[in-house]
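**Q** Take a look at the following structure, please.
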Amino acid sequence: MKPFYKRRTLAALAALVMLFGSGCGKQSSGTSGGISEKPAYEPGKTNVLAPEFGKKETVEADPLTLDFSNMDQGYFMGILSGSGHKINIQVTGPDQVIYKYFLEEPDEYTAFPFTAGSGAYTILAFENVGGDQYASLLAYSVSVELQNSFLPFLYPNQYVDFTQDSEAVRLAGELSADCETDLDALTAIYSYVTDHITYDDEKAATVETGYLPDIDETLRTGTGICFDYAALTVSMLRSLSIPARLNIGYSGDIRHAWVDVYIESVGWVRKAVQFTGNEWELMDPTFAATLGSDELTNDYVGDGENYSLQYIR
């Protein structure tokens, strides 16, 4: 993946931050295992859904093992045995988008989401045999029936990587402690990110292909590129049982990352929490969407033709 580095200044940001204010008000709990319904948002309560390596349905092609035991939860898992291997995993679902992931670390379980929801998927794996050359390792087809459609956007994965022990999760619980609604919690997290994380121009200029965000590192340094902003925000929201999508694509010709969030009173709010290079903007249509006004949303966002979505993580 090429780095996200082009920037554009948003004059309205300061006013929006003042409008939304700073955070809400600490409790936390963790959850592993499957769920059949979307968990409800509760103020200050973190609810990290931990992927599990079930070993009930596995496929092996040395050095790779894939586990499909928990497909109904919206993910499958992979693990490498032995070091020195690099595996490219390609996942194609009912949306016909090819999602590419890489495994290099040995003996570490990694979760891969069924981003396109229920339906037929083909999983291909290729092993690096030198340079940019890969050899076919395995092909496997599965039929996925999710217990609910939110699951791929609640669990962590390789791009949105968090656990119950993550500092970002602890912080999400603290920020949302006095937030009565999921929109309040979204506002608190947005305000924290915009107030405490600054854009890292040097990192943007030097980041390598295949970079994966470390959300706690972003918090520790207080800096990041847009991939970091998005991963941190989505991780914090998911840990509060607020479904969120990390979107990767373009706004015009600008490499772009933005976040879709599910609000209980409205549904999916799309293209409302955005990053355009060096600043986050929570646009006025977020409120309009929450109030159910499509006309106001369209006045500001338009029909979305300026946006080009490549991947959802």
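The values are calculated or read from the model by the stated rules, or taken from the named source; none is laboratory data. Worth saying up front: this structure is predicted, and the values here are computed from it rather than measured. Here the Cβ positions follow ideal geometry from the backbone for every residue, glycine too, while neighbour counts run over all protein chains shown.
**Q** Please determine, by comparing only the residues of segment 44-56 that are part of a loop (DSSP other than H, G, I, E, B) and under 21 Å from the mean Cα position of the chain (by Cα), which one is modelled with the lowest pLDDT.
**A** Only one residue tops the list, namely Phe53.
**Q** Check off (1) at pLDDT 85 or above; (2) on the phi < 0 side of the Ramachandran plot; (3) surrounded by fewer than 21 Cβ atoms within 10 Å (Cβ to Cβ) for Thr233 and give me the number that stays unchecked.
**A** Only one criterion in (1) at pLDDT 85 or above; (2) on the phi < 0 side of the Ramachandran plot; (3) surrounded by fewer than 21 Cβ atoms within 10 Å (Cβ to Cβ) is unmet by Thr233, namely (3).
**Q** Looking only at segment 206-223, which residues are in a loop (DSSP other than H, G, I, E, B), within 27 Å of Arg170 (Cβ to Cβ) and hydroxyl-bearing (Ser, Thr, Tyr)?
**A** Tyr211, the sole residue that qualifies.
**Q** I would also like to ask the following. From the set of residues in segment 159-205 that are in a helix (DSSP H, G or I) and of a type in the set (Phe, Trp, Tyr), which is modelled with the highest pLDDT?
**A** Top of the filtered list is Tyr192.
**Q** Among the listed residues Ser265, Ser251, Ser239, identify the single one that is within 18 Å of Ala185 (Cα to Cα), of a type outside the set (Val, Ile, Thr), modelled with pLDDT under 90 and touching a Ser or Thr at 6+ places or on another chain (Cβ under 7 Å).
**A** Ser265
**Q** Only residues in segment 183-204 that are under 14 Å from Asp228 (Cβ atoms) count as the first member; pair them with residues that are assigned to a helix (DSSP H, G or I) and among the hydroxyl-bearing types (Ser, Thr, Tyr), Cβ under 7 angstrom, at least 6 apart or cross-chain, and list the lot.
**A** Close Cβ pairs (under 7 Å, with a partner that is assigned to a helix (DSSP H, G or I) and among the hydroxyl-bearing types (Ser, Thr, Tyr)) amount to Val193/Tyr229; Val193/Thr233; Ile197/Thr218; Ile197/Tyr229.
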